Amino acid sequence: MTMIDFAPPPTDKTRLEDAGTLTPKFDAHGLVTAVVTDHRDGELLMVAHMNAEALALTIETGLAHYYSRSRKALWKKGESSGNMQKVREIRVDCDQDAIWLKVEVTGHDATCHTGRRSCFYRSVTLDGGEAKTVIVDDHRHFDPHEVYGAS
């Protein structure tokens, strides 16, 4: 497997916004934001980060890879849970500082480590001047304790 070597983003805005070589604009920590949706219905599944290696592996293998900021490590989505993300399409925004993955989730069709389909399973409400979260999707596709163990 060859590792893609990303060129730095061009300084010419027209070249940056036109078709051509992928030149992601990684931040000061070497990361780019990745927005992940289901390719079938467009539901937002998760937001994560990718470094150059994660992005290259995603492009080369067709399976989503990310960089965990908390663990400071590369992470192949679904490697522990079996809920792999097969990439159906990769898009990049106009200034190439965000990636959009349209994926097919295998296994239990769940993306969140809590066992839910999406990491966005809570809604924010205002209650007596206090912002609160309310669970709007409590359907779990798998038991996280069985999959990941007690932590």
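The values are calculated or read from the model by the stated rules, or taken from the named source; none is laboratory data. Fair warning: this is a prediction, and the values are worked out from it, not measured in the lab. Counting neighbours? That spans all protein chains shown, and the Cβs are built from the backbone with ideal geometry, glycine included.
Working only within segment 43-81, note down all residues that are in contact (Cβ under 8 Å) with a residue 60 or more places away in the chain and not hydroxyl-bearing (Ser, Thr, Tyr). Those that are in contact (Cβ under 8 Å) with a residue 60 or more places away in the chain and not hydroxyl-bearing (Ser, Thr, Tyr): GLU43, LEU44, LEU45, MET46, VAL47.
Restricting the first member to segment 1-14 and to residues that are at pLDDT below 80, and the second to residues that are among the charged types (D, E, K, R), the beta-carbon pairs closer than 6 Å and six or more apart or on different chains are MET1/GLU60. Give me a count of the residues in segment 94-151 that are farther than 21 Å from LEU44 by Cβ and surrounded by 14 or more Cβ atoms within 10 Å (Cβ to Cβ). Going through segment 94-151 one residue at a time, the tally reaches 1.
Residue count for segment 41-66, restricted to those that are over 23 Å from PHE120 (Cα atoms) and of a type in the set (Gly, Ala, Ser): 3.
Across segment 15-27, not a single residue is classified as under 21 Å from ARG117 (Cα atoms), small (Gly, Ala, Ser) and either in a loop (DSSP other than H, G, I, E, B) or touching a Cys at 6+ places or on another chain (Cβ under 7 Å) (or both).
Being of a type in the set (S, T, N, Q) and modelled with pLDDT under 95 is a condition met by at least one residue of segment 101-109. You will find that of THR37, THR61, THR33, the residue that is of a type in the set (S, T, N, Q), surrounded by 15 or more Cβ atoms within 10 Å (Cβ to Cβ) and at pLDDT 95 or above is THR37 and no other.
Would you check if there is a residue in segment 49-61 being assigned to a loop (DSSP other than H, G, I, E, B) and within 17 Å of ASP93 (Cα to Cα)? Yes, some residue in segment 49-61 is assigned to a loop (DSSP other than H, G, I, E, B) and within 17 Å of ASP93 (Cα to Cα).
Put simply, of ARG40, ARG71 the only residue that is part of a loop (DSSP other than H, G, I, E, B), charged (D, E, K, R) and under 17 Å from HIS29 (Cβ atoms) is ARG71.
If only residues of segment 95-132 that are among the aliphatic types (A, V, I, L, M) and in contact (Cβ under 8 Å) with a residue 40 or more places away in the chain are counted, the one that is farthest from LYS13 (Cα to Cα) is VAL105. The conditions of being touching a strand residue (DSSP E or B) at 6+ places or on another chain (Cβ under 8 Å), over 30 Å from ILE4 (Cβ atoms) and modelled with pLDDT of 95 or more are not met by TYR66. Out of all the residues in segment 20-53, which are of a type in the set (A, V, I, L, M) and within 12 Å of PHE6 (Cα to Cα)? Those that are of a type in the set (A, V, I, L, M) and within 12 Å of PHE6 (Cα to Cα): LEU22, ALA52. Condition (residue is of a type in the set (A, V, I, L, M, F, W, C) and either surrounded by fewer than 17 Cβ atoms within 10 Å (Cβ to Cβ) or at pLDDT below 95 (or both)) applied to segment 22-29: is it met by at least one residue? Yes, the conditions are met somewhere in segment 22-29.
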